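Below: the structure, in structure tokens.
Taken together, the values in this text are just the output of simple stated rules run on the coordinates, not laboratory data. Just so we're clear, the structure is a prediction, and the values are computed from it rather than from any experiment. Note: ideal-geometry Cβ built from the backbone for every residue, glycine included; neighbour counts use all protein chains shown.
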Amino acid sequence: MAESMGTPPGGLNFTDNISIAWKPVDCQPDHAHLAMINESNESFLRAVSAIGEFFTENAEDDAGISQEIVRLDLKVSLLLDLVSQLIYKQLEIPEMSLVTISSNEIEWQCAIVPEPEQLVFVEVYVQRGTPKPLCFYGQVVSDEQEYNSGCARVRYFGLSGLAQSWLDKLIFRHHRRAVAYKKSMNSKD
């Protein structure tokens, strides 16, 4: 976790360089629009979770089958990387920023951030190589000092229970990977 960014109160979080975009919103979205956003987020987060859990579920299979699956996965990953590079060049994916995602809010730093108490629509590209963002509405909860230093904190607005559950799984998986990486780096010292 970055030292310059505050830790959201309670719960797990993860910090990474992630593409993020936001825009101000004049009024709160209606229930039908929120339902559409939540359905899209649930579907996207479910797919991201399936990609991330592939290796842990298949690690105990027969060694020969596992090796073949890994070989095929590497080929598919290479193909997806090549296609995503082409797509990224055609789309206007925002620049990356240091972003911290927790269960109830998101925080990032950049040159232009939303004003405190502003209602915003945020797009976060949480899965590298995938040109589809996680989208949500939120209320800016940054104080004046954070705002003046280029830090934005936004509390999610209208996130459904199911979308929240899938987001928590994503956060936990990233946190678990960070802990495993830190352990592996410490064991090398």
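Data overview
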read-out	value
Nearest 10 degrees, 0 to 90: helix 161-188 Cα axis against the chain principal axis	60 degrees
Nearest-ten-degree value, helix 63-90 long axis tilted from longest Cα axis of the chain	40 degrees
Which of His174, His31 has the fewest Cβ neighbours within 10 Å, and the rest in rising order	His31, His174
Amide H contacts of Cys110 (H built 1.01 Å from N, under 5 Å, at least 5 apart or other chain)	Ala152
Nonlocal amide H pairs with Phe157, under 5 Å, H built at 1.01 Å	Tyr137, Gly138, Gln139
Given Lys75/Lys169; Lys132/Lys188; Lys23/Lys183, the pairs whose alpha carbons are separated by over 31 Å	Lys132/Lys188; Lys23/Lys183
Two-decimal Rg to Rh for the chain - Kirkwood Rh, Cα set	1.00
Nearest-ten-degree value, helix 31-58 long axis tilted from longest Cα axis of the chain	30 degrees
Principal axes of the stretch 78-189: Cα extent on each, largest first, Å	42, 40, 32
About the Cα centre, charge dipole magnitude for the chain (Lys/Arg +1, Asp/Glu -1 at Cβ), debye	480 debye
GNM flexibility winner over the chain from Ser165, Ser103, Ser66 (Cα, springs under 10 Å)	Ser66
